[in-house]
Amino acid sequence: MTDLRLISPCSEQWRQILTALQSTSHPWITWKDPINLRALNNNTGTIHMSNLCTEICLPQDKDNIAVCNLISVNLGAHVATTVSGADKARFVESLGAERTIDYKSQDFVEQTLAWTNGKGADVVLDTVGGPAFCQSFGAVRLYGRLATLLSTACELPQINKARLRNIVVGYEQMTMPLLLGNHDLRCAQTRILERGAKLFDEGKLKVEVSSVLPLGQAPAAHKQVEDGHTTGKVVLQVE
């Protein structure tokens, strides 16, 4: 058996990581020392890790794991969401989704327009990026809003569609106050998290966990997410 090994200089690997981060927003680079230096809640312990959604950098222990969640139904919104199959449709409906759209067999723009009587959604949240983000312009109502968690370049005709509909496009970067060292904005985000924590305490929000894996199985955790075989958070457990 031939032993094949690929040797790549560290500088080249770092350049590839930065290129991937710039173009896809993944992988995130989270250094332990800067995170703990800037953390507002450093009185509660040292931050050793984050979950797969790495803007959540909070102290964790064997009994508590920090995760990020989207708040929607609690705010009185009528929610439609894309899914991949009947099982996931039933899952999100149990969480309060009013309409489910199977993106593998249905055009989500057409379905959204049909659901809103041709007007389009007031707000569209894109967590996919790529072509899905650019196509989402057609699913937003006139003077509506589109927010994305990723960086995607769109073709000119798609950009013109957004301009024609007077859509406000927002790029969400949760780590912005941390990266810019803006104390006031970090405090503002802390207040948002505190309001979310209050909703958890009142039983109005909950975390759905799909699976819990040891930290050593991080590649398997990422593959679960990439393959779309999850119906909740994938948690990495630090022993």
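The values are calculated or read from the model by the stated rules, or taken from the named source; none is laboratory data. Predicted, not measured: the structure shown is a model, and the values here were computed from it. All Cβ positions, glycine included, derive from the backbone under ideal geometry; neighbour counts span all protein chains shown.
Of note:
- Which listed residue, of 180, 213, is farther than 28 Å from residue 89 by Cα and either surrounded by fewer than 13 Cβ atoms within 10 Å (Cβ to Cβ) or free of Cβ contacts under 8 Å to residues at least 40 places away in the same chain (or both): 180
- Residue check for residue 188: within 30 Å of residue 239 (Cβ to Cβ), of a type in the set (A, V, I, L, M) and within 20 Å of the chain's Cα centre (by Cα): no
- Strands (runs of 3 or more DSSP E) within the stretch 92-149 that include 1 or more residues within 24 Å of residue 174 (Cα to Cα): 121-126, 140-148
- Of the criteria (1) within 21 Å of residue 83 (Cα to Cα); (2) under 23 Å from the mean Cα position of the chain (by Cα), which one residue 176 fails: (1)
- If you go through the stretch 177-200 and pick out every residue that is touching a helix residue (DSSP H, G or I) at 6+ places or on another chain (Cβ under 7 Å) and within 21 Å of residue 124 (Cα to Cα), you end up with 0.
- Note on the stretch 87-130: residues that are free of Cβ contacts under 8 Å to residues at least 12 places away in the same chain and within 25 Å of residue 227 (Cα to Cα) total 7.
- Residue that is farthest from the chain's Cα centre (by Cα), among those in the stretch 101-134 that are surrounded by 17 or more Cβ atoms within 10 Å (Cβ to Cβ) and at positive phi: 120
- Scan of the stretch 191-206 for residues that are surrounded by 13 or more Cβ atoms within 10 Å (Cβ to Cβ) and closer than 19 Å to residue 91 by Cβ, ordered by number: 205
- In the stretch 216-228, residue modelled with the lowest pLDDT [restricted to those that are under 17 Å from residue 84 (Cα atoms) and surrounded by 13 or more Cβ atoms within 10 Å (Cβ to Cβ)]: 225
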